[in-house]
There are 2 protein chains.
Amino acid sequence: MLMCSDFGPFGVSAGGTVVVKIDKSVLRSFALFEKMPDVEIEELLSRATTRRVPSGEAVFEQGAPASHFFLLLNGRLKVTQVTPDGQQIIVRVVHPGDLFGFAKALRRPDYPGTALSVIESLTVCWPTDLWPHFIDRSPVLAASALNTIGARLEEAHTRIREMSTQEVERRVAHAVLRLTKQAGRAAEGGIRIDFPITRQDIAEMTGTTLHTVSRILSAWEGDGLVEGGRQKLTVRDVTRLQALADSAKL
Amino acid sequence: MLMCSDFGPFGVSAGGTVVVKIDKSVLRSFALFEKMPDVEIEELLSRATTRRVPSGEAVFEQGAPASHFFLLLNGRLKVTQVTPDGQQIIVRVVHPGDLFGFAKALRRPDYPGTALSVIESLTVCWPTDLWPHFIDRSPVLAASALNTIGARLEEAHTRIREMSTQEVERRVAHAVLRLTKQAGRAAEGGIRIDFPITRQDIAEMTGTTLHTVSRILSAWEGDGLVEGGRQKLTVRDVTRLQALADSAKL
DNA sequence: AACCGTCTTTGCGCAATGGCAAAGAGCAGG
DNA sequence: CCTGCTCTTTGCCATTGCGCAAAGACGGTT
């Protein structure tokens, strides 16, 4: 499986797509690299390859050996896991600027989940072997990486706490609010979630079923809280939704 | 709040208890320190303090600034989190040899949970500031720490997956099996969980209620799968319990 | 413009769980 | 040995949320 184009910052990938040259200014625009000296960024980029991931395609798959780690430049991914009996859950949504797939950094031999692009995406790829090297070279990056992992762990625990103690409606409310924060874009009359998302997706993020999510969203729509659509969701009244997420009943 | 005795490896703690001198052979017996050179272990110990934690007492509390990180030598702790509305969940059980409370290593300013001793325990404490120092000095430790964090993240995801896709009975089965693996001790006619654990605890680990856990365990006991008791649990038939945890129905 | 596949909505009935309440049991301390 | 406290068991009932099934939209494609 070809995980990344092997042509360096220039070149033509397997699919015939011209691989974009990544300028350091692009990286610099992400918080992670904000304070990184030019030389270091260039060093990073000199080792990097890039990959265009058409919508619906996987960057890596659950169980595959962790050959690379990645930075999402553009687009949106969902990381999923499949249970032995075939059920799927969404572990996380990856947004532009996020590092992902650094399983090996945590001494895991292979990817614990599948990273699936939801819309056409662009990633930077580095061979996992380079991870220690980068950590050594760039204390900033090392710190950020730990930050990221800490945040991720905390997020996981938050989710566990929610699933343990809250009914479905509040969980869905929290999930939707999180999405608007991470991927919200101002739209007419509310905040629109900026990538195609299905009720099924929301169900897999909250540990419930497509049907229940649909019912809940319908109810909310009736109350003027949100506005739905095919693979679309706009939050009309963030405040009230937040209230619903926080306290028990509306 | 006095987190650790300030008397070094010798001395008398606030409670008047003689603080045990930790010998390097004790640390060496844990996988984490197995391959660590003598000098390094001594260096670690020279900076360490110790603390005896009577049953029911907290090593640190949720929200408190993360002043130390710890190694559990002896005893058993449970790490809990309390939700804003007062419900509690058990995040993890800490076993002898586990590092815990290294929130700061992940750039968290304070402890995300409370570590409560279930039986009288003995911990080694280091100031958080020393973490980077240790990581620098001991690549083995650094690697192990990452290992630990990776495992912890994976564990969290496993739990999310289970809570998303499995009914309560299977979740309880998994939890009990995990406990027997981590804290099982051979007993007459089965494997006994080696520390006092209540149905409430199990409920908080699996995201259900005391009542449901009690019902499930009663049913299992009727089937000869386990044997209960006040704060006791012995698994009689691991194989069958495993089968129940894996496949749907018994 | 017609067609098709995917996503969404909804009704209905049921099984799984949570809530509540009260009684029973084991353990520790006096 | 008695007392009190905490932990556990159980019955009953109210709800939640899931399964199943079918029909309706929406968008993209030819």
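The values are calculated or read from the model by the stated rules, or taken from the named source; none is laboratory data. Quick caveat, the model's predicted, so the values are computed rather than measured. Neighbour counts run over all protein chains shown; Cβ positions are idealised from the backbone, glycine included. With ligands, DNA and RNA removed, areas are computed over all heavy atoms of the protein, side chains included. Shrake-Rupley method; radii C 1.70, N 1.55, O 1.52, S 1.80 Å.
Please report, in whole Å, how far the alpha carbons of region B:166-246 spread along each principal axis, starting with the longest.
29, 25, 23
Quick one: which residues, 5+ away or cross-chain, put their amide H under 5 Å from the amide H of A:Val53? H built at 1.01 Å from N.
Under 5 Å from the amide H of A:Val53: A:Ser121, A:Leu122, A:Thr123.
Once the whole set of protein chains is in place, how much accessible area is left on B:Leu32, using a 1.4 Å probe, in Å² to the nearest 10?
20 Å²
Could you state how much accessible area A:Phe30 has, in square angstrom rounded to the nearest 10, with a 1.4 Å probe and all protein chains kept in place?
Surface accessible to solvent at A:Phe30 totals approximately 30 Å².
Region A:126-172 to region B:182-197: how many Å between their Cα centroids?
Each part's Cα centre sits 34 Å from the other's.
Run the dipole for region B:187-227 about the Cα centre, Lys and Arg Cβ at +1, Asp and Glu Cβ at -1, nothing else charged, and hand back the magnitude in debye, nearest 20.
Around 140 debye, computed over region B:187-227.
For each pair in B:Lys35/B:Lys78; A:Lys104/A:Lys232; A:Lys21/A:Lys181; B:Lys78/B:Lys104; A:Lys78/A:Lys181, compute the distance between the two Cα atoms and list the pairs where it is over 25 Å.
Distance filter (> 25 Å) returns B:Lys35/B:Lys78; A:Lys104/A:Lys232; A:Lys21/A:Lys181.
Determine the shielding of peptide A:148-159 by partner chains: average, over its residues, the number of Cβ atoms on other chains within 10 angstrom of each Cβ.
Across the residues of A:148-159, the mean count of other-chain Cβ atoms within 10 Å is 6.
Please arrange A:Glu188, B:Glu42 by accessible surface area, largest first, computed with a 1.4 Å probe and ligands excluded.
The most accessible residue leads, giving A:Glu188, B:Glu42.
With a point put 7 Å past each Cα toward its Cβ, work out how far A:Arg47 is from B:Leu210 in nm, to one decimal.
Each label point lies 7 Å from its Cα, and together they span 5.5 nm.
Which value in nm describes the separation of the simple spin-label points at B:Asp136 and B:Ser247, placed 7 Å from the Cα toward the beta carbon?
Inter-label distance under the simple model: 5.7 nm.
Which of these, B:Ile89, B:Ile41, B:Ile193, has the largest mean-square fluctuation under a Gaussian network model of chain B (Cα springs below 10 Å)?
Comparing B:Ile89, B:Ile41, B:Ile193 in the GNM, the peak value goes to B:Ile41.
What is the spin-label model distance, in nm, from B:Glu40 to A:His95 if the labels are put 7 Å beyond Cα along the C-beta direction?
3.9 nm
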